[in-house]
Amino acid sequence: MTRSSDKSFAVIGGGMAGILSVIKLREAGFGKITLFEKADQLGGTWRENTYPGVACDVPSHLYSYSFELNPDWSHLFSPGPEIHKYLLNVATKYQVLQHCRLGDEVSQLTFESGKWKVETVSGFEDIFDFVVAATGVLHHPSYPSISQLDKFEGHMFHSARWDHSVEIEGKSLGIIGTGSTAVQIVAATAEKVGKLNLFQRTPQWVLQVQNPSIDDKDKEKYRENPSLMLDLHEELSKSFSDNFANAVVDANSKEVKILEELCKMNLAHTVQDPILREKLRPNYRAACKRLVISPNFYEALQSPNANLITSPIMQAEPEGIRTQDGELHKLDVLVLATGFRVDRFMRPIEVFGRDGISLDQVWRERPSAYLAISIPDFPNMFMLNGPNGPVGNFSLIEVAEVQFAYIMQLVERAMSIENGLISATHRAAEVFEAERIEAAKNTVWVTGCKSWYLDDRGVPAAWPWNFEHFRERMAKPIESDYELYTPVSV
Ligand code: NAP
């Protein structure tokens, strides 16, 4: 197919979705592509999260680009540095780097005369026809508001800002949080540190899943016959969706109940001490918070040097953390595994759409986008892994691939008229918002827990339907849900 290669694209963010965007745009025949990445290297989450034990809890043969399956994955759930290396290798192979502007942060996006002006903190600016925001969701660290935290005199950092210059071996390590991140850190550090102190505000259900290595014979098989990897990718995608991702959107599904039983069994069989067991038992349903998987979290917590602290944190002090029971937990290093601000998306970039309307104003209550992709009045700007989209329970690579194919159809449609501009209508965005809020009532996420899925109203900010429904909605844009116009008609 011949394409108008004079159209230009700004891709914001150099993680998995940004790399994908450049590859797919090149494949579609576009050449004028600039990927803006504020860091000095690509890799997104996998560049940023380098804490001990970091890994992906989506199987690696599923958490791979469908067009670049990898015979060399070392484990069922491969470690973070390996995923980062994979992304860098793919970026190199597909010549993504030549499109990158690294180490320069986008500060403003302004829609002017039918185009997007992109400005960066270094003073660089350029004009583009289209913007793809691939800025991630779990990106802006959330810091806890703990009294006198600045008074702590040991080393302290957020899990996504791990300071590798700090020695933890033999030291007293404090970890605040019990989400997926903290669980991985606990399992990876318990044997190394002198004392492990886990500050638990809310216990988590933990599904025990082993993480076997993939042996050389299997790798060889995949190398010789790549179709085996494709079969595996499909198989994993189906089983992951059926047994997990689709289950959580129906609180009464038999699969959720099975997950619940498995979590209860893990707790009952793995934790010997009944007092510790009860401290670790959540009072809400499994998968209400994003389910944590680990082969050995409970084992690590039962190490002689591990201490589960359930008394609420009162304040930080120079020597450590004091809890409400009056005890001072002396620490050398404190890790804040306290999650992310999931309502930020491309912000703090200032974004001004049609008639100068500001995204901050549009999102003043909370972020939203039609089908997580298009925002009314922000034409020719599309989001990957945008607000309320499938996040958390799917392979985000698969999600981004499906979303990008949809975005390309919108680009095609915009290009079907001269200087065409496209964005979702207000009506379509409102209907979608109402539908998803209604559907969210059936999910396990609203069955009585607090989590990062829930917005300030308690509505899950996540795709509340199954993956098939996602694929169906993404197969082809509904024409009447979009406004197609030209700068003259604006
Ligand atoms: P998270 O799930 O949001 O967990 C944050 C933890 O910090 C919670 O236990 C929370 O307690 C605790 N916390 C926050 N503020 C606190 C305070 N002031 N005092 C005490 N505790 C406090 O964050 P995360 O573990 O970084 O995980 C975020 C998401 O990243 C995951 O759900 C997952 O989607 C993704 N992730 C994926 C992987 C993977 O393997 N693919 C690995 C890591 C992360 P409460 O529960 O009481 O709020």
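The values are calculated or read from the model by the stated rules, or taken from the named source; none is laboratory data. On a predicted model such as this, the values are computed, not experimentally measured, just so you know. Cβ atoms come from the backbone with ideal geometry, glycine included; neighbour counts cover every protein chain shown. SASA here: full protein model, heavy atoms, side chains in, ligands and nucleic acids out. Shrake-Rupley method; radii C 1.70, N 1.55, O 1.52, S 1.80 Å.
Taking the residues in segment 27-54 that are in a loop (DSSP other than H, G, I, E, B) and among the aromatic types (Phe, Trp, Tyr) as candidates, determine which candidate is nearest to the ligand (Cβ to nearest atom). Give the derivation first.
Step one: filter segment 27-54 for residues in a loop (DSSP other than H, G, I, E, B), giving 28-31, 38-44, 49-54.
So of that shortlist, the ones also among the aromatic types (Phe, Trp, Tyr) come out as 30, 51.
Numbers: 30: 31, 51: 9 Å.
Here the residue is 51.
Give segment 282-326 a look and list any residue that's within 15 Å of residue 177 (Cα to Cα) and among the basic types (Lys, Arg), or say none. Those that are within 15 Å of residue 177 (Cα to Cα) and among the basic types (Lys, Arg): 289, 290.
Among the residues of segment 339-371, those that are of a type in the set (Val, Ile, Thr) and assigned to a loop (DSSP other than H, G, I, E, B) comprise 342, 349, 357.
Look at residue 313 and say whether it is buried (at least 18 other Cβ atoms within 10 Å of the Cβ) and outside the structural domain of residue 447 (by TED's automatic domain parsing). If you could, list the steps in order and put the result at the bottom.
Working: buried (at least 18 other Cβ atoms within 10 Å of the Cβ): yes; outside the structural domain of residue 447 (by TED's automatic domain parsing): yes.
It is true that residue 313 is buried (at least 18 other Cβ atoms within 10 Å of the Cβ) and outside the structural domain of residue 447 (by TED's automatic domain parsing).
Inspect segment 108-117 for any residue being at pLDDT 95 or above, out of contact with any helix residue (DSSP H, G or I) (no Cβ under 7 Å at 6 or more places or on another chain), of a type in the set (A, V, I, L, M, F, W, C) and open to solvent by less than 10 Å² (accessible area, probe 1.4 Å) and give the result as yes or no. Within segment 108-117, one or more residues are at pLDDT 95 or above, out of contact with any helix residue (DSSP H, G or I) (no Cβ under 7 Å at 6 or more places or on another chain), of a type in the set (A, V, I, L, M, F, W, C) and open to solvent by less than 10 Å² (accessible area, probe 1.4 Å).
When you check residue 328 against the structure, is it modelled with pLDDT of 95 or more, away from the ligand (no atom under 11 Å from the Cβ), under 24 Å from residue 160 (Cα atoms) and of a type outside the set (Lys, Arg), yes or no? Judged against the criteria, residue 328 is not a match.
Annotation: residue 271 fulfils all but one of (1) surrounded by 17 or more Cβ atoms within 10 Å (Cβ to Cβ); (2) within 19 Å of residue 59 (Cα to Cα); the unmet one is (2). Checked against the criterion of being within 27 Å of the chain's Cα centre (by Cα) and either under 21 Å from residue 21 (Cα atoms) or assigned to a loop (DSSP other than H, G, I, E, B) (or both), segment 322-335 contains not a single residue that satisfies it.
Test of understanding: among 375, 357, 321, which residue is open to solvent by less than 40 Å² (accessible area, probe 1.4 Å) and in the same structural domain as residue 136 (by TED's automatic domain parsing)? Show your work before the answer.
Details: 357 fails: open to solvent by less than 40 Å² (accessible area, probe 1.4 Å); 321 fails: in the same structural domain as residue 136 (by TED's automatic domain parsing).
After applying the criteria, what remains is 375.
Got at least one residue in segment 260-282 being part of a loop (DSSP other than H, G, I, E, B) and either assigned by TED's automatic domain parsing to the domain that holds residue 452 or within 12 Å of the ligand (Cβ to nearest atom) (or both)? Walk me through how you get there before you give the answer.
First pass over segment 260-282, keeping only residues part of a loop (DSSP other than H, G, I, E, B): 271-273, 280-282.
From what's left, either assigned by TED's automatic domain parsing to the domain that holds residue 452 or within 12 Å of the ligand (Cβ to nearest atom) (or both): 282.
Yes - at least one qualifying residue is present in segment 260-282.
Counting only strands (runs of 3 or more DSSP E) that sit completely within segment 70-131, those holding 3 or more residues that are within 26 Å of the chain's Cα centre (by Cα) correspond to 100-102, 106-112, 115-120. For beta carbons closer than 8 Å, sequence separation of 6+ or different chains, a first residue in segment 448-465 that is open to solvent by 40 Å² or more (accessible area, probe 1.4 Å) and a second that is within 10 Å of the ligand (Cβ to nearest atom) and of a type in the set (S, T, N, Q), the qualifying pairs are 450/202. The residues of segment 461-489 that are under 18 Å from residue 241 (Cβ atoms) and not in a loop (DSSP other than H, G, I, E, B), listed by number, are 467, 468, 469, 470, 471, 472, 473, 474, 475. Of the residues making up segment 351-386, those that are farther than 17 Å from residue 430 by Cα and among the aliphatic types (A, V, I, L, M) are 351, 357, 381, 383, 384. Taking segment 167-189 as the range and being closer than 19 Å to residue 321 by Cα and surrounded by fewer than 22 Cβ atoms within 10 Å (Cβ to Cβ) as the test, the residues that pass are 168, 170, 171, 172. Taking residues in segment 284-304 that are within 18 Å of residue 452 (Cβ to Cβ), and partners anywhere that are assigned to a loop (DSSP other than H, G, I, E, B) and more than 9 Å from the ligand (Cβ to nearest atom), the pairs with Cβ atoms closer than 6 Å and at least 6 places apart or on different chains are 284/448; 285/447; 286/205; 288/447; 293/209.
Specify the residue that is surrounded by the fewest Cβ atoms within 10 Å (Cβ to Cβ); the eligible residues are those in segment 55-69 that are within 12 Å of the ligand (Cβ to nearest atom) and part of a loop (DSSP other than H, G, I, E, B). Break it down into steps so the answer makes sense when it comes.
Step one: filter segment 55-69 for residues within 12 Å of the ligand (Cβ to nearest atom), giving 55-60, 62-63.
Retained after the next criterion (residues that are part of a loop (DSSP other than H, G, I, E, B)): 56-60, 62-63.
Details: 56: 21, 57: 17, 58: 22, 59: 23, 60: 24, 62: 23, 63: 24.
Going through the qualifying residues, I end up with 57.
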